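In what follows, a single structure is set out as structure tokens and then discussed.
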Amino acid sequence: MNTAIERARAIITGYRGPKIRIMEVCGTHTHEIFRLGIRSLLPENVELISGPGCPVCVTPVSYIDEAIFLAEERHATICTFGDLVRVPGTEKTLADARSRGARIQVVYTPLDAVTYAEEHPREEVVFLSVGFETTTPSACLALKRAEAQDIANFSLLTANKTMPAAYEAMASHTDAYLYPGHVCAITGTSLPESLTKQGISGAVAGFTASELLTALAVILEKSRSGEPFFVNAYPRVVRPAGNPAARALVETYMEPCDATWRGLGTLKASGLKIRPAFAPRDARVRFSLPSMSGRENPACHCGAILQGLERPVDCPLYGRACTPDHPIGACMVSREGACSAYYLYGGLGRNFA
Ligand code: SF4
């Protein structure tokens, strides 16, 4: 018997304190909590809400429109992770553009996109760079390789984001954060530690059953005092200093900028863009991309779900017009999205503690 798991499980199931809302910031946490059946352990006074931690989900419609414009009007080859191909833009998806002749390549890493550019020197290759602190270093590694090998036909369309502003923006929607372990592995723990001074509590969690249960149990135990707290419940991976080498790589190629998040709007200094010194690698500069505002499908509730204000089952389209096979919003497309997690593990009405 794993005593750590049993102890955490007993704390969670025996919790009789005040009602508490815990926000899983990370889409992988959302899926793992469902998959491992952890929601079924929670007493009624513990509510888990999904937050803005799925990079595909928070990427705004205007970004998809920009990518489609580059493919159709500038005849660029778009290299992207598979999820983004199915996310609706204002009028269509990248998959729709591909069916009409646009060149859309699915890749598994940003370096694959550089290799594609090297092998297709007559094509302009744009990698769709979305993600948080965890994945941005790999996009910068791709830039580094393109620079080193003088692969001139490679650029990025950036929608990279950083979590600090989102933590602050969401603070009133939750009592404690389940901080994403892989983000903290890069950033370190100084940020969530400092957030306790603003009354923001939370614990860093890993991804196994034991790590998730431990982090949830720690939150419930610590919250009893009523004082803000921070606990690193993933110390085997998250070090206080994080990963300075990864941060240095990002700082070489990117700088902070304001960024628009689906649901959250524009948050100051919450994004990253390519530094002017590498402007030819910035697809917006390289192709003189016009400004686009994008138009959300008004029937889709992704914006409220990403703020933890609604659950996927509160959306009238959930499981009816909108399913993983026929997604209407980004939260049902992405493997990290809350709507797809609810649908895959909860079906139409079960398991929604
Ligand atoms: S169920 Fe579909 S339409 Fe509703 S919020 Fe989720 S993704 Fe949007």
Only listed residue being open to solvent by 50 Å² or more (accessible area, probe 1.4 Å), within 30 Å of Glu6 (Cα to Cα) and small (Gly, Ala, Ser), chosen from Ser288, Ser225: Ser225
Residue pairs meeting the criteria (Cβ under 6 Å; at least 6 apart or on separate chains; first part of a helix (DSSP H, G or I), in segment 91-102; second open to solvent by 60 Å² or more (accessible area, probe 1.4 Å)): Ala95/Arg86
Within segment 202-222, considering residues that are assigned to a loop (DSSP other than H, G, I, E, B) and within 14 Å of Glu24 (Cα to Cα), the one least open to solvent (accessible area, probe 1.4 Å): Gly206
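Table: residues versus (1) at pLDDT below 95; (2) among the aliphatic types (A, V, I, L, M); (3) in contact with a helix residue (DSSP H, G or I) (Cβ under 8 Å, 6 or more places away or on another chain).
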site: Val25; (1), (2), (3): yes, yes, yes
site: Arg35; (1), (2), (3): yes, no, yes
site: Arg39; (1), (2), (3): yes, no, yes
site: Ser50; (1), (2), (3): yes, no, yes
site: Tyr108; (1), (2), (3): no, no, no
Hits in segment 251-278 - residues which are within 17 Å of the chain's Cα centre (by Cα), surrounded by fewer than 19 Cβ atoms within 10 Å (Cβ to Cβ) and aliphatic (A, V, I, L, M): Ala269
3 or more residues over 30 Å from Leu36 (Cβ atoms), modelled with pLDDT of 95 or more and away from the ligand (no atom under 16 Å from the Cβ): qualifying helices (runs of 4 or more DSSP H) within segment 246-353: 283-286
Tally of residues being touching a residue at least 24 places away in the same chain (Cβ under 8 Å) and open to solvent by 20 Å² or more (accessible area, probe 1.4 Å) across segment 304-314: 5
Residues of segment 157-201 classified as in a helix (DSSP H, G or I), open to solvent by 30 Å² or more (accessible area, probe 1.4 Å), more than 16 Å from Leu267 (Cα to Cα) and free of Cβ contacts under 8 Å to residues at least 40 places away in the same chain, total: 6
Criterion violated by Val126 - all others in (1) crowded, with 23+ Cβ neighbours inside 10 Å; (2) in a helix (DSSP H, G or I) satisfied: (2)
Pairs, first on the phi > 0 side of the Ramachandran plot in segment 131-156, second at pLDDT 95 or above, C-beta under 7 Å, six or more apart: Gly131/Asn160
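Taking segment 315-346, which residues are touching a helix residue (DSSP H, G or I) at 6+ places or on another chain (Cβ under 8 Å) and open to solvent by 50 Å² or more (accessible area, probe 1.4 Å)?
Within segment 315-346, Arg335, Glu336, Tyr343, Leu344, Tyr345 meet the criteria.
The values are calculated or read from the model by the stated rules, or taken from the named source; none is laboratory data. A quick note: this is a predicted structure, and the numbers were derived from the prediction, not measured. Every residue, glycine among them, receives a Cβ derived from its backbone with ideal geometry; neighbour counts consider all protein chains shown. What goes into the accessible areas is simple: the full protein's heavy atoms, side chains included, and nothing from ligands, DNA or RNA. Shrake-Rupley method; radii C 1.70, N 1.55, O 1.52, S 1.80 Å.
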